[in-house]
Amino acid sequence: MQTPAVAARSTDASLAIARALANVEKRQDVGGSWRGDYGGPMFLLPMFVALAYSSKRPIPEPRRARIITYLYRAQRADGSIGLHAEATTGSMFTTSLVYVALRMLGENKDDDRLARMRTWIARNGSPLGAASWGKFVLCTLGLYDWRGIHPTPPESWLLPYSAPFHPGRLWCHCRQVYLPMAWLYGTRSTMREDDLVRQLRDELYCGQWHRVEWSREKDTVSEVDDYRPLTRAFRSVSRVLSRYENRPIKRLRARALAECLRHIRYEDRVTNDIDIGPVNAVLNTVVHSFRGAEGADDFERGWTKLQDYLWDDERGATKMQGYNSSQLWDTTFAVQAILATRTRAYDHVLQRAHQFIRDNQILEDVPDAGAHYRHASRGGWPFSTRAHGWPITDCTAEGFKCAIALQSRFKAEIPADLLRESVSLMLSWQNPDGGWATYERTRAGAWMEALNPSQVFGDIMIDYSHVECTSACVQALSEARSRFPELADKIERAIDRGVAFIRQRQRADGSWEGAWAVCFTYGTWFAIHGLMAAGVTPRDPAIDRACAFLASKQRADGAWSEHGDTCKRRIWTEGERGHVVQTSWAMLALMRAEYKDSEILRRGASFLTRRQEADGSWAREPLVGVFNRTCLVDYDNYRHVFPMWALAEWERSR
């Protein structure tokens, strides 16, 4: 029989879950998904503004004012702008681009905020020290000289695929960014100089623009942008390419530019002009703007679709998101959280979500996939919507798990052959190391990272295997093995290899490092769920060490909290205050592992119920998503979904 204190705690959690369910229902859109804020990176919006200015597409009110609001809101006390909205240091890359964007939006250079920004730029070495992507964008605006850029030759796209440096071997995000960059570099595309460009040259370079020896500035980088220093190997390759750039072969350059353009237009076409992400979406549209009348139709379609990346937040600002949306991904977690509550009162919500998941499975492979370095697509699920068209390993796994969980509840089931295609696709994605990467199998060795030209991002060159992607696929395949007996042997071998990969990635302290969120709570949650789904027992030493790690990180208030710099530093860095999403991940991991210390879980649940708002939501807190170790990104739906999920599991576990 429950004591009064235990009964009261149960009532508190039950009430919190009921409120959270009502809140989640309210946030579901008419299409059945949960679409939320996925902003954070501070270099995206200035790139969009630069395109608007160079292509003479004025941004109308009130959007112009809302963009200005967002850019100023991210300004730090020292005048700088960080790589992301919550960065603890400024970045020359982003500060330079934001300054330019604000001036192009009509802001007066004498505004105190711009004056402070300009002072910071001058003190930290001017845009001559901007990371390579910043210099590249400035080149297209006439605010940096192409002679000061490391070569990005389009001729690389003419190499045979067997060549170790072929662009088709790069991680697809990297490949699709450097594709339009190669075209723009090969054509040295630069907008026509105007009065504002001349003023900006003086403002950014303290009146020294005409004295800069550009060819000497290729390796110049400000300390604040030098997270991944250029290697000796990169500089050696760059010197060789620079000699070629002194006298490129005209006919070869023309062929290479045509080949790049063919791939650019293909990417536009098979993604319905959305493109894989906002950087290549902007750059592809920049390419079309420089093509003149020949590229007019491509430009118009690209410009229209770029609006899908803009997000108006509730605080009166417009930002640019890191993807066109995270709809499918967020929806799968919302579904699993609602299912954890065991209520049937929200079946109407789940039915709409089921329809969204069903309708956004990718039904066809892209045409001529091999010639464009694309993996199979049929049966997969994307991060956002089917129209985007790029399936991802963990999105496919989470989509499959939800499809299976909802099949028995509703009519209009996903046909068995499409679910089988999903399983086959997951099997085809597994890497030789037993893990799963993001979009494709790994196509080159980690040595390629020595040629990383970005300076501000880590691990961008190839598609690495990740604990989260591997865990998600192991979980999905564990659900599939009894449903598709004809694939059972292949599934079992894949699961065994995935488990071995997860075990191999466990750190000495018992944790797993996350690649797509902050950081050890996230990675450890995924790893534990993957191992347990595969049949590993709670008494396994790997599980025991993981639980001990998580228990050791609980705070006095019952919460868990990791600072965003954890990802960059790759060691646990305590956050300033308890974090409801990270607390939820830690609790979900411990409960899945059948952790026996109920007091730790009770304190975590108490923290979650105390932090809940009256409307059933949880307040905004520090950004929790990340990519390439350095750039935080928002997953706004996480704060609404994961605490409810954790509380529901806690209620059931007692």
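The values are calculated or read from the model by the stated rules, or taken from the named source; none is laboratory data. What you see is a predicted model; the values in this text were computed from it and never measured. Don't worry about glycine lacking a Cβ; one is built from the backbone with ideal geometry, like all the others, and counts go over all protein chains shown.
Report every pair of residues separated by at least 6 positions or lying on different chains whose Cβ atoms are under 8 Å apart, first residue within region 491-503 and closer than 11 Å to THR470 by Cβ, second outside any helix (DSSP H, G or I) and β-branched (Val, Ile, Thr).
Listed pairs, sorted by first residue: VAL499/VAL536.
Check TYR323, TYR266 and return the single one that is at pLDDT 95 or above, part of a helix (DSSP H, G or I) and closer than 18 Å to TYR439 by Cβ. Before the answer, list the steps.
On the way: TYR323 fails: part of a helix (DSSP H, G or I).
Only one candidate qualifies: TYR266.
In this structure, is TYR38 at pLDDT 95 or above, assigned to a loop (DSSP other than H, G, I, E, B) and among the hydroxyl-bearing types (Ser, Thr, Tyr)? Quick ask: steps written out before the conclusion?
On the way: at pLDDT 95 or above: yes; assigned to a loop (DSSP other than H, G, I, E, B): yes; among the hydroxyl-bearing types (Ser, Thr, Tyr): yes.
Judged against the criteria, TYR38 is a match.
What are the residues in region 393-421 that are in contact (Cβ under 8 Å) with a residue 60 or more places away in the chain and either over 21 Å from ARG352 (Cα atoms) or outside the structural domain of ASN360 (by TED's automatic domain parsing) (or both), if any?
THR393, ASP394, ARG420
Consider ARG570 against the criteria (1) in contact (Cβ under 8 Å) with a residue 24 or more places away in the chain; (2) at negative phi: it satisfies all of them except one. Which criterion is unmet?
For ARG570, the failing item is (2).
Residues to consider are VAL499, VAL467, VAL456, VAL536; find the one that is at pLDDT 95 or above and closer than 30 Å to ILE81 by Cβ.
Every option except VAL456 fails the conditions.
Looking at ASP368, is it charged (D, E, K, R) and touching a strand residue (DSSP E or B) at 6+ places or on another chain (Cβ under 9 Å)?
Answer is no for this residue.
When you go through THR583, THR630 one by one, which is the residue that is of a type in the set (Val, Ile, Thr), closer than 25 Å to VAL536 by Cβ and not assigned by TED's automatic domain parsing to the domain that holds ALA74?
Details: THR630 fails: closer than 25 Å to VAL536 by Cβ.
The conditions single out THR583.
How many residues are assigned to a loop (DSSP other than H, G, I, E, B) and either surrounded by 14 or more Cβ atoms within 10 Å (Cβ to Cβ) or not assigned by TED's automatic domain parsing to the domain that holds ARG639 (or both) when one looks only at region 549-569?
8
Just to check your reading of the model, which residue among ALA444, ALA472, ALA488 is farther than 22 Å from ASN360 by Cβ, assigned to a helix (DSSP H, G or I) and not β-branched (Val, Ile, Thr)?
ALA488
Would you check which residues across region 52-97 are touching a strand residue (DSSP E or B) at 6+ places or on another chain (Cβ under 6 Å) and either over 18 Å from LEU623 (Cβ atoms) or not assigned by TED's automatic domain parsing to the domain that holds GLU223 (or both) and list them?
Within region 52-97, ARG63, ARG66, ILE67, THR95 meet the criteria.
Looking at region 499-533, which of the residues that are under 22 Å from PHE383 (Cα atoms) and small (Gly, Ala, Ser) is surrounded by the fewest Cβ atoms within 10 Å (Cβ to Cβ)?
ALA515
Only one residue in SER598, SER584 is among the polar types (S, T, N, Q) and modelled with pLDDT under 95. Which one?
Result of the check over SER598, SER584: SER598.
Quick check, is GLU468 buried (at least 18 other Cβ atoms within 10 Å of the Cβ), over 24 Å from ARG352 (Cβ atoms) and touching a His at 6+ places or on another chain (Cβ under 9 Å)?
No: the conditions fail for GLU468.
The rows are residues; the columns are (1) farther than 27 Å from TYR309 by Cβ; (2) surrounded by 24 or more Cβ atoms within 10 Å (Cβ to Cβ); (3) touching a Leu at 6+ places or on another chain (Cβ under 9 Å).
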site	(1), (2), (3)
GLY380	no, yes, yes
GLY389	no, no, no
GLY399	no, yes, yes
ILE404	yes, no, yes
SER424	yes, no, yes
ARG441	yes, no, no
ASN452	no, no, yes
GLN455	no, no, yes
GLY458	no, no, no
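Please indicate, with yes or no, whether at least one residue in region 94-101 is modelled with pLDDT of 95 or more, of a type outside the set (A, V, I, L, M, F, W, C), in contact with a Ser or Thr (Cβ under 7 Å, 6 or more places away or on another chain) and not in a loop (DSSP other than H, G, I, E, B).
yes
Would a scan of region 634-653 turn up a residue that is surrounded by fewer than 18 Cβ atoms within 10 Å (Cβ to Cβ) and in contact with a Leu (Cβ under 9 Å, 6 or more places away or on another chain)?
yes
Looking at GLY106, GLY90, GLY134, GLY79 in this structure, which one is over 22 Å from GLY316 (Cα atoms) and in a loop (DSSP other than H, G, I, E, B)? Lay out the reasoning, then the answer.
On the way: GLY106 fails: over 22 Å from GLY316 (Cα atoms); GLY134 fails: in a loop (DSSP other than H, G, I, E, B); GLY79 fails: over 22 Å from GLY316 (Cα atoms).
Sole residue among the options that is over 22 Å from GLY316 (Cα atoms) and in a loop (DSSP other than H, G, I, E, B): GLY90.
Identify the residue in region 53-73 that is aliphatic (A, V, I, L, M), surrounded by fewer than 21 Cβ atoms within 10 Å (Cβ to Cβ) and touching a residue at least 12 places away in the same chain (Cβ under 8 Å) and, among all such residues, is nearest to THR318 (Cα to Cα).
In this case the residue turns out to be ILE68.
Quick check, is GLU492 of a type in the set (Asp, Glu) and buried (at least 16 other Cβ atoms within 10 Å of the Cβ)?
Answer is no for this residue.
Assess whether ASP275 counts as being in contact (Cβ under 8 Å) with a residue 24 or more places away in the chain and either aliphatic (A, V, I, L, M) or out of contact with any strand residue (DSSP E or B) (no Cβ under 9 Å at 6 or more places or on another chain) (or both).
yes
Counting only residues that are touching a helix residue (DSSP H, G or I) at 6+ places or on another chain (Cβ under 6 Å) and buried (at least 24 other Cβ atoms within 10 Å of the Cβ), how many does region 122-135 have?
The qualifying residues number 4.
Looking at THR332, THR343, THR304, which one is crowded, with 20+ Cβ neighbours inside 10 Å and not basic (Lys, Arg)?
THR332
With (1) surrounded by fewer than 18 Cβ atoms within 10 Å (Cβ to Cβ); (2) not in a helix (DSSP H, G or I) as the list, and ARG147 as the residue in question, which single condition is left unmet?
Going through (1) surrounded by fewer than 18 Cβ atoms within 10 Å (Cβ to Cβ); (2) not in a helix (DSSP H, G or I) one by one, ARG147 breaks only (2).
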